[in-house]
1. Checking B:ALA354 against (1) surrounded by fewer than 19 Cβ atoms within 10 Å (Cβ to Cβ); (2) at pLDDT below 95: exactly one of these is not met. Which one?
2. Being more than 9 Å from every other protein chain (Cβ to nearest Cβ) and surrounded by 18 or more Cβ atoms within 10 Å (Cβ to Cβ): is that true of B:LEU227 here?
3. Check off (1) touching a residue at least 40 places away in the same chain (Cβ under 8 Å); (2) farther than 29 Å from B:LYS116 by Cα for B:ALA373 and give me the number that stays unchecked.
4. State the number of residues belonging to the range B:291-323 that are buried (at least 22 other Cβ atoms within 10 Å of the Cβ) and either outside any strand (DSSP E or B) or polar (S, T, N, Q) (or both).
5. Quick check on this structure: which one of B:LYS180, B:LYS247 is within 14 Å of another protein chain (Cβ to nearest Cβ), in contact with a Ser or Thr (Cβ under 8 Å, 6 or more places away or on another chain) and surrounded by fewer than 22 Cβ atoms within 10 Å (Cβ to Cβ)?
6. Taking the conditions exactly as written (exposed (fewer than 15 other Cβ atoms within 10 Å of the Cβ) and not in a helix (DSSP H, G or I)), does B:LYS338 satisfy them or not?
7. Step by step: first the residues of the range B:263-290, then only those that are away from every other protein chain (no Cβ under 12 Å) and closer than 23 Å to A:GLY70 by Cα, then the one that is surrounded by the most Cβ atoms within 10 Å (Cβ to Cβ). Which residue is that?
8. Kindly provide the set of residues from the range A:75-98 that are among the basic types (Lys, Arg) and either within 12 Å of the chain's Cα centre (by Cα) or over 30 Å from B:ILE48 (Cα atoms) (or both), ordered by number.
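The values are calculated or read from the model by the stated rules, or taken from the named source; none is laboratory data. Computed from a predicted structure; not experimentally measured. Here Cβ is always computed from backbone atoms with ideal geometry, including for glycine, and neighbour counts include all displayed protein chains.
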Amino acid sequence: MSTHVKVEEKLFQNRYRVDGGRPHIQIKDAEVCVSQCGTQPCTVCCPAGCYTQENNGRVVLITDGCLECGTCRIICDDFRNVTWEYPRGGYGVLFKFG
Amino acid sequence: MAEKFDAIVVGAGPSGNAAAYTLAKAGMKVLQLERGEYPGSKNVQGAILYADALEKIIPDFRDDAPLERHIIEQRMWVLDDESYIGTHYRSDDFNKPPYNRYTIIRAQFDKWFSEKVQEAGAMLICETTVSDLLMDGKRVIGVQTDRLGGEIYADIVILADGVNSLLATKAGFHPEIEPKNVALAVKEIHFMPQETVEARFNVQGDAGVVIEMAGKITQGMMGTGFLYTNKESLTIGVGCMLSDLKKQKISPYQLLEQMKAHPSIAPILEGGEMKEYTAHLIPEGGYKAIPQVFGDGWMIVGDAAMFVNAMHREGSNLAMTSGCFAAETVIELADKQKPFTAKNLARYREKLDASFVIKDLKKYKNMPDVFHANSQFFTTYPEMLNQAAHKMLTVDGVDKKTKEKQIMANFKHRRSLFGLMGDALKLWRAFE
């Protein structure tokens, strides 16, 4: 089935108040993703596609579209390489329906 | 000196609202903290509301709660790539008030529930994230927020902060959640005219339908899909265990996209306008994964305590009930002027144990392990069942006895006789 979709098209429907310059999730040590984590499941399983795999093997995280589900935090159980907090009060995704 | 409350409730979802409401009604000085812009703005559910749990808290909720449709028909579909085999149960009894189940839109429902909580006398502060618990040794004495002043104190803190249970994890009350104990669900809401919803599901007025799905849509992973009617929209979603998504490296939104393209599903959604895409974790670890839910000065309620019955797709009712139990425990102790020590708060767990919350979770305690270890329930069986139906329903001159033999031979070929018997036994034992 050719059902490939860009997640951005989905996220475009959502409402966000982005906390500019204060990402609530951060990769602790970028080198761990490159040299130790072979599978980089965050780049596939994040439902908002916040994690992308670069050609050089690095993982880039942009939290603007984050749905605050916690998947990346729990899925990184082999390395615990993300610092994960909820956004500051009032910021982040604002569900219209939920 | 910072202000002190009798109780602080962290979170304004079903469990937090139930707790705060019950405490406030009893005259306690309650502060509820919510990180969203308004209660519901951070909350996501495959939203079926079971009337019973809410009725026990707010008996006349039907008067003004924002409800979408009451469910009169439940469909269970087992899907192959091109087909589904299923059962539908519809009863006019479900179409007579008082209704038993409703679809809801959480952003609206939680806001309504919260208004009731505030009317009962609790103080709600939104747009405030609790970052840590304040401790005095092992005892929780308050919370640290990201707001001015920041520190707020209370005799008891009820953690209703949702599935990630971040505060209890940070405080070391329980270890990090394991990927095998949570499902990731993604869903979309598609708007279409009310008449279209009603025509496609053969319902009228406020009646509605829920379809639960299993089979090839989860591509061999442990999980289920769902589709249900709201007033002027349909909600469709799929959820799979995080450990399976991780292992199989499947993107959740591609999974949802493929499900939407299924030939039996696509026509239902045809022409709808997608207005929101959400994702949420569901704590499905079951009985064995329930953490310690109380300690000196604290209790955990709802999703944060793993109170979800994955087998029956129940969660918000367990959340509300656990919220009430926690509040009742506080009220009883306060009445007797007893301190909120772990020893005294053990009463909360006793209440849970004696109720459907723990009884149901205990009943299915082996279910997660059985499904984790036997992916054939999500792959081979849906295929076999659909093929069997297809064969029996195709009129092609082959006699029915021969068809039955072919079907049985296929079953044995795919799973072996011992495999079939073993699977039946595993399921029976897990359900027992």
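1. Here B:ALA354 clears every test but (2).
2. When the stated conditions are applied, B:LEU227 passes them.
3. Here B:ALA373 clears every test but (1).
4. Going through the range B:291-323 one residue at a time, the tally reaches 20.
5. Going through B:LYS180, B:LYS247 in turn, the sole match is B:LYS180.
6. Yes, satisfied.
7. B:GLU284
8. A:ARG80
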